[in-house]
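The values are calculated or read from the model by the stated rules, or taken from the named source; none is laboratory data. If you're wondering where the values come from, they're calculated on a predicted model, not measured in any experiment. Cβ coordinates were reconstructed from backbone atoms using ideal geometry, including for glycine residues, and neighbour counts include every protein chain displayed.
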Amino acid sequence: MTTRALSPAATCVLVAAFLTAGVSADEWARFRGPNGSGLTDATNVPSEFGRDKNMLWRLPLPQGHSSPILLDDRIYLTALRDDVLVTMAIDRAKGTILWERAAPKVATNVVDKRNNPASPSPAVEHDGIYVFFPDYGMLAYDRAGTELWRMPLGPFNNIYGMGASPIIVGDTVVLVCDQSLQSYIMAVDKRTGAVRWKVDRPEAKSGHSTPILWKDQDGRDQILVPGSFLLTSYDAATGEKLWWVAGLSFEMKSTPVINGDTIYVNGYGAPVNDPGNKVTVPSADEVWKTFDKDGNGLLSMDEWPRFTAAFWFEATDLDRNGKLDKDEWSYYRAALESENGMLAIRLGGRGDMTDASVRWKYQRSVPQLPSPIVYGGVLFMVNDNGIITTLDPETGALLKQGRLEGAPGSHYASPVAADGKIFFSSQDGAVVVVEPNAEIRTRVVNDLGEEIYATPAIVDGRIYVRTTQALYAFGR
């Protein structure tokens, strides 16, 4: 098959499509950079780096999976230091800590190794740093580290813990809180922390996706949020639900990307959601007739049908009371009926746009955690097992699929790209540089020898990589 190489002109057009108002491509002010795209027009980014090559500095860090966020001469991130949740400002040139602020002391809980009490990434502007700690809530600081406001939230009920990062939209900070029950999206005044609007998301039961923005033909900012079963658009000014598309997995973790008039979003629930693996789940009424032994209208673990794995009992016991009612069984049934897939969805509309807007769907080796990237006219995705798939973004046609050379094992960080290079990071600590075409050719493998969960950042000719032990700055 033919592939399309990336030209400098194409790079400029592509990056421009992702930038939000007031954000330069030289900034990485939110999770995955400009509008969550993973793209920047930075040049002179090194392909080879490590402790003995192109390392500008290394800063040892406490634990945390949040990604480095950059603006002006600062880097911002969060961490868990000695059981205290902290926000840090780091000198971008020297790699030294300028200030560190502790959140109010709370009990922290690690529910999944892939998550962490300091997993969500900050959202920043020139005099505002906004952070979300799932075990506490949101906090805001100015550039000097002075606290502007705090907002306790939760406790949350998500089987894997919370994972979405805040984003800045105009004069508000927007946060999506998807959990087993009482999911919502809210916008708060970025200077005072006062709630501007809050909208329930009753269909969302398990989600970790950070939203992105899209400006419609009327100049209105829309917030695009993947969640259980639906991609939903909200009016950024009012929170009004504008349009939605069904067909997503029951669990959504990655951040979507936009290219032209289309948004690309991948979701993966479980192997049973792959085509060919799906099972038929009987209705609640059918199950209750046979398995509700004590006739109390609820299923206990002892009454759980043996035709399905015990894991699903915990996953669908939404109120965590040790018993399932018929509504929870209905959610279980819908979860197993949902499908894993990468969807291409045309932007815009009003109401249910499922039939009109889904352009194509691809369903092999779909990622659970890593977000996709569109670069050089190719859609790239890497699944949690390190299998890369390249697709034609226009048609969804498979261009190539294979294991990433030089980085076996798990992949939880999302790819980022700049300067004609795509960077994939494995859990084991290998940062692999791949050519920007469909052939999945590895240029170089940079083995840092430290686990990586955080997505790297690229700004001004440098790539910043957070491992479980340190933050690195690499540049020529």
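Scoring S228 on the criteria (1) assigned to a strand (DSSP E or B); (2) under 20 Å from the mean Cα position of the chain (by Cα) leaves a single failure, condition (1). Inspection of segment 422-430 finds a residue satisfying the criterion of being closer than 16 Å to T390 by Cβ, aliphatic (A, V, I, L, M), within 20 Å of the chain's Cα centre (by Cα) and at pLDDT 95 or above.
K361 falls short of the stated requirement of being more than 20 Å from the chain's Cα centre (by Cα), in the same structural domain as V257 (by TED's automatic domain parsing) and surrounded by fewer than 23 Cβ atoms within 10 Å (Cβ to Cβ). Of all residues in segment 105-139, those satisfying the criterion of being part of a strand (DSSP E or B) and either within 21 Å of the chain's Cα centre (by Cα) or among the hydroxyl-bearing types (S, T, Y) (or both) are A123, V124, E125, I129, Y130, V131, F132, F133, G137, M138, L139.
Residue count for segment 387-415 under the criterion of being surrounded by fewer than 24 Cβ atoms within 10 Å (Cβ to Cβ), under 15 Å from T455 (Cα atoms) and either in contact with a strand residue (DSSP E or B) (Cβ under 9 Å, 6 or more places away or on another chain) or at pLDDT 95 or above (or both): the result is 1. Within segment 176-213, how many residues are surrounded by fewer than 21 Cβ atoms within 10 Å (Cβ to Cβ) and of a type in the set (D, E, K, R)? Residues that pass the stated criteria total 6. Just wondering, is there one or more residues in segment 353-363 that are closer than 24 Å to D447 by Cβ and free of Cβ contacts under 8 Å to residues at least 60 places away in the same chain? For segment 353-363, residues closer than 24 Å to D447 by Cβ and free of Cβ contacts under 8 Å to residues at least 60 places away in the same chain: absent. The residue that is nearest to G227 (Cα to Cα), among those in segment 259-304 that are under 34 Å from the mean Cα position of the chain (by Cα) and in a helix (DSSP H, G or I), is N273.
When segment 294-324 is filtered for residues that are over 25 Å from P275 (Cα atoms), surrounded by fewer than 18 Cβ atoms within 10 Å (Cβ to Cβ) and acidic (D, E), the ones remaining, listed by number, are D294, D302, D319. Just checking, how many residues over segment 278-335 are at positive phi and in contact (Cβ under 8 Å) with a residue 12 or more places away in the chain? Number of matching residues: 3.
Residues are listed down the side, and each one gets a yes or a no for (1) modelled with pLDDT of 95 or more; (2) among the β-branched types (V, I, T); (3) assigned by TED's automatic domain parsing to the domain that holds I212:
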residue	(1), (2), (3)
P256	yes, no, yes
N259	yes, no, yes
T262	yes, yes, yes
V265	yes, yes, yes
G269	no, no, yes
D292	no, no, no
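Check segment 183-202 and report whether any residue there is part of a strand (DSSP E or B) and modelled with pLDDT under 95. Within segment 183-202 (the criterion being part of a strand (DSSP E or B) and modelled with pLDDT under 95), the answer is no, since none of the residues qualifies. Any residue at all in segment 240-257 that's more than 20 Å from E203 (Cβ to Cβ) and either crowded, with 19+ Cβ neighbours inside 10 Å or not charged (D, E, K, R) (or both)? There is at least one residue in segment 240-257 that is more than 20 Å from E203 (Cβ to Cβ) and either crowded, with 19+ Cβ neighbours inside 10 Å or not charged (D, E, K, R) (or both).
Only a single item in (1) out of contact with any Phe, Trp or Tyr (no Cβ under 6 Å at 6 or more places or on another chain); (2) at pLDDT 95 or above; (3) in a loop (DSSP other than H, G, I, E, B) is not met by P46, and it is number (1). Where helices (runs of 4 or more DSSP H) sit wholly within segment 305-418, those with at least 3 residues that are in contact with a Phe, Trp or Tyr (Cβ under 9 Å, 6 or more places away or on another chain) occupy 311-316, 326-337.
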